[in-house]
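Presented below is the structure to which this report refers.
The values are calculated or read from the model by the stated rules, or taken from the named source; none is laboratory data. Please read these numbers as outputs of a predicted model, since none were measured by experiment. Every residue, glycine among them, receives a Cβ derived from its backbone with ideal geometry; neighbour counts consider all protein chains shown. These accessible areas exclude ligands, DNA and RNA; they are computed on the full protein's heavy atoms, side chains included. Shrake-Rupley method; radii C 1.70, N 1.55, O 1.52, S 1.80 Å.
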Amino acid sequence: MERALELARRAVGRVAPNPAVGAVIVKDGKIIGEGHTEPPGQRHAEIVALEESGALAEGATMFVTLEPCAHHGRTPPCLDAMLEAGIARVVIAVRDPNPLVNGRSIAAFKEHDIEVELGVCAGEAILVNAGFFRRMKTGRPETHIKYAMSLDGKIATHTGHARWITGTEARRQAHTIRDQSDAILVGIGTVLYDNPLLTVRLHDEETGAGGPSHPLRIVVDSYARTPVDSAMLAPDAPGDTIIAVSNLANPERIEALRATGADVLAVPERDGRVDLGKLLQELGDRGINTLMVEGGAEIIGSLADQALVDRVTAFVAPVLLGGSGAPSPIAGNGVELAQNGLRLVQPEISLAGDDVRISGYVTGRYPDEGLA
């Protein structure tokens, strides 16, 4: 199962709306086939492993990180292929939370006298697909907030200068998070000030998956102010871009943005801005499992105020910037009492070069759904 989880991690950020699954087939104590989920419309992990094992799969055991699918989607059910191949035993990490699957394959295996073991490495398997579990439960993707700040809590100087607060290793790790996310979200302020490309700048061998995967870019731009000559809208810019506008946006500006090839998404407004809750629901409807949020402070603050933050990664640099006007990572209304702040569950703390990385899930957001 540990090998299956290792394979599943190679598919993270590359297979939405599907979950990232790993499968290993064992016979007589030897691995005879293995695989992970391929991009949408291609083979699921179980099929890759079955094709690799061939006729040897009959009477073998399959270890799989998520309950095999039992329904027709873009591909036929993995359940049928496993029954046809003669798999004799199935070890499943965790039940699939998708109502189209949940428990159906397990019941079918038992009806065919196939031994089923459930719950091996369940916690690890859920973490691999935390975004998929979140979307199945709430209809929206998992929101992963990422920011870099100084030791005194600033994301830029009082003049707005921010490059670079953290070092090379912290920035490399931040790009790894991008590489493993289905989409990346920023506010219009970030676009106007930084003109970012929002791509993954990693070497092929750094991804562990054969090359970088550029996430879908999403700009929250209530009034359609994104410049048409923005770097991310250039014809040769890798990946796709969604501009989320409110119904207060200028129609001519919307058409100009659409002319660049951007997908302009109209979202109802809330207090004069794009309603972030409705935007997340729309992204969930589009099959986005994991959403990385890189700012700015107003966007992150709005998500925090609306209890829409699931996961946080902060890089803290050993530098003091000072300045009463220097911005902090999170704006918005904030909380009145310190004990009501968003607290991380069992935060992980590590070094990223000379910087410190702190990451974890917000209390109440730990992805343990499906363990029962």
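Worth a mention:
- Selection from region 301-349 of residues that are open to solvent by 80 Å² or more (accessible area, probe 1.4 Å), among the small types (G, A, S) and in contact (Cβ under 8 Å) with a residue 40 or more places away in the chain: S324
- Selection within region 104-132 - closer than 25 Å to P367 by Cβ, hydrophobic (A, V, I, L, M, F, W, C) and surrounded by fewer than 20 Cβ atoms within 10 Å (Cβ to Cβ): A107, V116, L118, V120, C121, A122, L127
- Of the numbered criteria (1) farther than 27 Å from M292 by Cα; (2) touching a helix residue (DSSP H, G or I) at 6+ places or on another chain (Cβ under 7 Å); (3) free of Cβ contacts under 8 Å to residues at least 40 places away in the same chain, the one H36 fails is (1).
- Restricting attention to region 226-250, the residues being more than 15 Å from L279 (Cβ to Cβ) and among the aliphatic types (A, V, I, L, M) number 6.
- Selection count, region 173-208, where residues are over 23 Å from Y223 (Cα atoms), without any contact (Cβ under 8 Å) to a residue 60 or more places away in the chain and of a type outside the set (S, T, N, Q): 8
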